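**Q** Following this message is one structure expressed as structure tokens.
The values are calculated or read from the model by the stated rules, or taken from the named source; none is laboratory data. Being a predicted model, the structure only gives us computed values, none of them experimental. With ideal geometry, Cβ positions are generated from the backbone for all residues, glycine too; neighbour counts draw on all protein chains shown. Only protein heavy atoms, including side chains, enter the accessible area calculation; ligands, DNA and RNA are left aside. Shrake-Rupley method; radii C 1.70, N 1.55, O 1.52, S 1.80 Å.
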Amino acid sequence: LSIHITHHAGTSICNMMKKLCPSPQFACMGPGKEENDDHSWPANASKKIEESQSLPISEYVNLFRPSFHFMSWEYLKFGNLHPANWEYDNLVSMIVMRDPMGRFLAGGKCGG
């Protein structure tokens, strides 16, 4: 599971992981826009993972792991990271951070 921070190279990591293992179609966070884009998306899973859906992390892992080996979640508020059990044995988590100066010099929303 990658914690996706907007404009910090999470999409680049996602694109690399899609070449290596099953990952959700849209930015590794959800199914594609077309009905047939993501045959692997679990039928009983919401189309968008909301941080307010506070299922225990173990339930998310059990739901998505049979279909995907890599996923990203985007949290709108960092305070919501605390309830997750990041020590769960069946979860490998990472956070992608781009060098702040590199991000600033790249322009776009964060740099000007």
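**Q** For MET29, indicate whether it is in contact with a Ser or Thr (Cβ under 6 Å, 6 or more places away or on another chain), modelled with pLDDT of 80 or more and closer than 30 Å to GLY102 by Cα. Talk me through it step by step, then tell me what you get.
**A** Values: in contact with a Ser or Thr (Cβ under 6 Å, 6 or more places away or on another chain): yes; modelled with pLDDT of 80 or more: yes; closer than 30 Å to GLY102 by Cα: yes.
Yes.
**Q** If you don't mind, there's one more thing I want to ask. Return the residues of the range 10-26 that are closer than 12 Å to VAL96 by Cβ, open to solvent by less than 60 Å² (accessible area, probe 1.4 Å) and either at pLDDT 85 or above or hydrophobic (A, V, I, L, M, F, W, C) (or both); say none if nothing qualifies.
**A** ILE13, CYS14, MET17
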